[in-house]
Structures are given as C-alpha cells and as structure tokens.
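Just so you know, all these numbers are worked out from the coordinates, no wet-lab data involved. None of these values were measured; they are calculated from a predicted model. Glycine also receives a Cβ, built like all others from the backbone with ideal geometry; neighbour counts cover every protein chain displayed.
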Amino acid sequence: MIKHASLSLALAIGCLSTTAFAAENPIATRKAIMKSVGAAAGAGGGMLKGEIPFNPAVANLALRTMNAAAHSVGDYFPEDSKTGMETEASPKIWEDMAGFSEKLAKFKADSDAAAASKPADLDSFKAAFGSVVQNCKGCHEGYRVKKN
Amino acid sequence: MRRLFAAFLILVICGGAGFWFLTAPQISPNSLPGTQGDPVNGERMFLAGGCSSCHAAPGAKGDDKLKLGGGLELKTPFGIFRVPNISPDPQTGIGGWSTRDFVNAMRDGVSPDNRHYYPAFPYASYARMKSGDLIDMKAYLDTLPAVSNQVAGHDLPFPFSVRRGLGLWKRLYLNNSPAIELATSNAEVLRGQYLVEGAGHCGECHTSRNLIGGPRLDQWLAGAPNPEGKGVIPNVTPGPEGLADWKISDIVYYFESGFRPDFDSVGGSMVSVQENMAKLPPEDRQAIAAYLKAVPALADAHEKPKK
C-alpha cells in the first residue's frame, strides 16, 4: 500500500516536472529573449552614439547577451506557437524552417566570434558589435511581421 | 423600335468616344533642358527612390542590387503585377529609351509606345520630381549593367485589365502638386518634402488608399494595411501612435543604423529602404527627418489587425 502510494506520488511529480520543463509559453519566452537583445543593442548602440562612455565590461555584457540569445531563441518556435499573444513571428518561419535556421546559424557564428574577440576599445567594439547587429534586420526582413 | 436602336447606337458611340477621349495617354508638354545628365546626383535620386528594391532580382544583395532585370511579382488586391526590366539592355530592358521616354514614363506614367503604366509603378509620386533630377537619374541608370531578362506581363482581372481605363484614374490622382501644404519656408523641411513625396514615394505604402487605389491625402503618412497582405505599414506622422516620441536625431539614426529608439530593428520591406537611405548624404536623412516631424500629426488610419 505504501509502495503503491509512493509510486503514484513519484509519477505525479514526474508529470509535473515534465510539464514544467517543456516551455510552458514559448511565445513569452522568445519575446523575453528578444527584449534582452534589444536592451543589449541599446547599451552597445549608446556607446557607439557616444551617449554612454565606452566600457569594456558593458561591451562584453552586450555581446554575451546577444550570443546567449543566438544560442537559445531558436528553441522557442514550436509548431503550436504560430499565433497568439500578438506574436510578430511571420508564418514564413514555419513555411521555410531551413531558411530561418540558416539565419539563426549566422547569428550564432557572428556572435560567437564577436564575444570571443573581447573588444577593449571603442573601435574594435564597433566592428564586433556591427557584425552581430546586422543579423537583427537580416532576420526581421523576412521572418517578422510588424503589427503596430 | 428602329429609332430606339439608333438612339442606343448613338449613345454607345458617344460614350465610347468620350471614354476614348478622356482616357488618352497624356504627356506633359514642357520641354526638357538640354543638359547632360549628372550620374552622381542620379545615383542619389536612385537611392532615395529605392528603385532596386523592386527592380533588382528578389533577395539580391550587394552589387546584385544594381542588376535591374526585374521579374519580382507584386501580389496586390488588383491582381499580380510583374516588375519590368529597367536595365540598359536594348532588347529586354530600357537601353533603347531616350531621356524624353524616361521622363514621360516617370512623370506621366506613359510608355514609349504611348500606353498607360499601372500605378503599381509609383509615377503619381515621381510626378513631383524635377526634370533635372530625372535626367540625372537616367544618366545613372545608363551606367548600370545590362541584364537580358524578358519579364512576362501582368495578371489582372477585368476591369483592371483595361489599361486605357487608367486614363480616368490619372485624371483623378496624377498631378505634380505637393501631397500636403506646409506653411514653412524652411529649406531643410522643403528638401525633405521633395524627397519623401517625390522620389522616396513614402506615401505609396505609408498612406492608406480608397477603393480605387487613390491615396487618402487627408490621412497622409498615417499608416495603412500592408499591401503584401500581412501586418501593417506604420503611421509615421508625429501623432501619438506614430513618431511622437522620436526626436529628429532618432529618425536620422534609424535611417543610418536600422535601429529604432527602443533598439528594436527595422524589418520587412523597410530593410532595403533603410539600407538605401543609409547611403544618402547625411543632409538628406536630416531633411527627411525634419519633414516627418513637420507633417500634420494624425491618429492611425488603419485598423489594428486581429490578435
């Protein structure tokens, strides 16, 4: 009897943890990741525009944030997340998953290289940052639909 | 009965003659200055106009953007338009055109064989361009590579398939007056107006249209449904749903870098527009930004899409 109860309990916990592990809300997750990229672009862009003084720690933070996003965001576009929550993801993502994955792979490669370069001055940051952020519009050109 | 038939026949003939008369392709009579075109200024106009966004092969990047062989299909509510070859190829492009032919096409929407062009080719905007700038643009186009590519015709249902009918549309919407009256003599704002309303043809997408495709000038730049079907083209007036929170320097930076003030990035068809704008001289970006902050502030003209 006790064995039986503990088995049920184990099963119940197993089920709970599985549901908790699979992204409960991929749209919210990918939006949060994209917002973090926007914030990183804001910090980096601010330094390029001269609105924020250059700081290598901030530069590293911006590039590492983008790099982490490049490695993770692609996991949050499952088939059942095409609509809802005012998503701006274009249906083209699922129609042309190969093209979309290619864009993500480029974002990963460019941000890997930029993060590894650890820019120590504004000029080298400008080059590293520039090579990463061209990926933003590179993907938004074909795979995002603006809704407002 | 015979009399009735005669009356009917006369009516048809008069109606037909009237239609024929009203829809005849018209070319502005003014003569062109006989100056040699300046390809440097021509390139500036070419970039402001974003010619390559439609006339280069779809998805072209870098130097391929200068190969204007056409072929892009524009799927619109009026039917499918196929973008023509405007490279200097004499057989399949516009290599055989005179400067006069080019100006007639750009400003009057009339082809060298005296037929109307459909306004998917935004001549209703280009009509506001100066002759000198058009001559320069032709001189620049002549320097680009010839591409041999025969583009098929448009696929349009009746009545849009009747090209002659465009004469009526032109009577309503084709003229060279400014889209909006600005009470200013500020040279920068006026330069911006010239670039935005003319070569830039920004209003073609950012201004909504009525049922027969005429621009709603009282809703100038207040946004529109996306002609490509999904999403919206944003309101770019200084209204609260538009660029109210953007400083002139924010608009300039957007054209330079592709980043909005919130560091979201440019997307969709605007990417190639932004990349062209980034190649313009800085004073032109500044002028466009100054104009966008000077137009009437309006609420969104389009409905928000369903969520």
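Quick notes on this one:
- Interchain or long-range residues, amide H under 5 Å from A:SER90's placed H: A:ARG144, A:VAL145
- Debye intensity ratio in log₁₀ form over the Cα atoms of segment A:22-109, taken at each q of 0.22 Å⁻¹: -1.07
- For A:34-44, mean number of other protein chain Cβ atoms within 10 Å: 3
- Residue mean of other protein chain beta carbons inside 10 Å, A:135-142: 6
- Rounded to the nearest Hz, the phi-derived 3J(HN,Hα) couplings of segment B:132-149 under the Karplus curve 6.51 cos²θ - 1.76 cosθ + 1.60 (θ = phi - 60°) are x, 5, 5, 4, 5, 5, 4, 4, 5, 4, 5, 8, 7, x, 6, 10, 8, 7, where x marks glycine and proline.
- Comparing mean-square fluctuations of B:LEU292, B:LEU74, B:LEU221 from a GNM of chain B with C-alpha springs under 10 Å, the top value falls on B:LEU74.
- Relative contact order computed over segment B:25-166 (Cα-Cα under 8 Å; 6+ residues apart), in percent: 34 percent
- Euclidean distance of C-alpha centroids, segment B:26-87 and segment B:121-174, integer Å: 9 Å
- Peptide B:265-278, shielding by other chains (average Cβ, 10 Å cutoff): 4
- Gyration tensor verdict on segment B:104-190 (Cα atoms; rounded if a/c is under 1.5, prolate if a/b is larger than b/c, oblate otherwise): oblate
- 10 Å Cβ shell holding at most 16 others, DSSP loop, GluC sites (Glu not before Pro): longest site-free stretch of chain B: B:1-180
- Short-range pairs are left out: with C-alpha atoms under 8 Å and at least six residues apart, the relative contact order of chain B is 18 percent.
- Structural descriptor for segment B:231-303: relative contact order 46 percent, calculated from alpha carbon pairs under 8 angstrom and at least 6 residues apart.
- Under 5 Å between amide hydrogens, built in the peptide plane, is the criterion, and for B:ASN149 it picks out B:THR92 among residues at least 5 positions away or on other chains.
- Note on A:HIS71, A:HIS140: ascending count of other Cβ atoms within 10 Å places them as A:HIS71, A:HIS140, the fewest first.
- Cα lying deepest toward the dipole's positive end in segment B:1-88, options B:ALA60, B:ASN30, B:ILE13, charges on Cβ: B:ILE13
- Gaussian network model of chain B, Cα within-10 Å springs - most flexible of B:SER125, B:SER265, B:SER53: B:SER265
- Cross-link table B:LYS138/B:LYS247; A:LYS118/A:LYS146; A:LYS147/B:LYS130; A:LYS82/B:LYS230; B:LYS75/B:LYS293; A:LYS82/A:LYS147, entries beyond 25 Å C-alpha to C-alpha: B:LYS138/B:LYS247; A:LYS118/A:LYS146; A:LYS147/B:LYS130; B:LYS75/B:LYS293
- Dipole magnitude for the protein assembly as shown: computed about the Cα centre from +1 point charges on Lys and Arg Cβ and -1 point charges on Asp and Glu Cβ, it is near 1100 debye.
- Per DSSP, loop GluC sites (Glu not before Pro) in segment A:80-147 with at most 16 further Cβ within 10 Å: A:GLU86
- Pair-distance profile P(r), taking every C-alpha pair of the protein assembly as shown, with 10 angstrom steps and integer %: 4, 17, 25, 24, 15, 8, 4, 2, 1, 0, 0
- Neighbour-count order for B:VAL295, B:VAL271, A:VAL133, B:VAL151, fewest beta carbons within 10 angstrom listed first: B:VAL151, B:VAL271, B:VAL295, A:VAL133
- From its DSSP helices (H runs of at least four residues, each -39,500 (n - 2.57)), chain B gives a residue-normalised ellipticity at 222 nm of -9500 deg cm²/dmol.
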